[in-house]
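The values are calculated or read from the model by the stated rules, or taken from the named source; none is laboratory data. Just so it is clear, the structure is predicted and the values come from calculations on it, not from any experiment. Because the Cβ atoms are built from the backbone with ideal geometry, glycine has one as well, and the counts that use them run over all protein chains shown. Only protein heavy atoms, including side chains, enter the accessible area calculation; ligands, DNA and RNA are left aside. Shrake-Rupley method; radii C 1.70, N 1.55, O 1.52, S 1.80 Å.
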Amino acid sequence: MKKLFSYFKSLNKFKLLIISFSLLLFLQTLILANIQILDGNGIYFYKEIPEEAFIDSKSVLIKGLVLNPGLYYLNQTQTLSDLITKAGGLAENTDLNYINSKYDLNQIPEAGAVYEIN
């Protein structure tokens, strides 16, 4: 924790403002997506946006009974099944019959789609 505080002290005000604004946007996204951060969850900040976010891709949100809910980037051919795989797979207590009846796992998600796996 001391390293983190000394790092922030070493930043100029402009960089600190950028980091603060980025964190605010991140927290607003969590609230809008109704994502909860629970004890033991990790939050990762990347210095740059993944290249896949810019190359013929779309963002899709998945939440609920997957191991790593969140926002993922899919290319134009990836399916809902691929999205679940990117999110770490289904949780142990997921009813596969219900998932198969509710979703077409071969469906290609639309950009901005939100999937609630429950």
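Counting 0.36 nm for each residue step from Leu67 to Glu92 and taking away their Cα separation leaves a gain of 8.1 nm. In this structure region 69-118 gives 60 Å² per residue of accessible area when probed at 1.4 Å with all protein chains present. For Gly64, the residues whose modelled amide H falls within less than 5 Å of its own, excluding neighbours fewer than 5 places apart on the same chain, are Ile117.
Using the Cβ-Cβ distance between Lys102 and Phe26 with R0 set to 25 Å, the FRET efficiency works out to roughly 0.25. Most tightly packed first, judged by the mean number of other beta-carbon atoms within 10 Å of their residues, the peptides 92-99, 75-82, 104-111, 62-69 read 62-69, 75-82, 104-111, 92-99.
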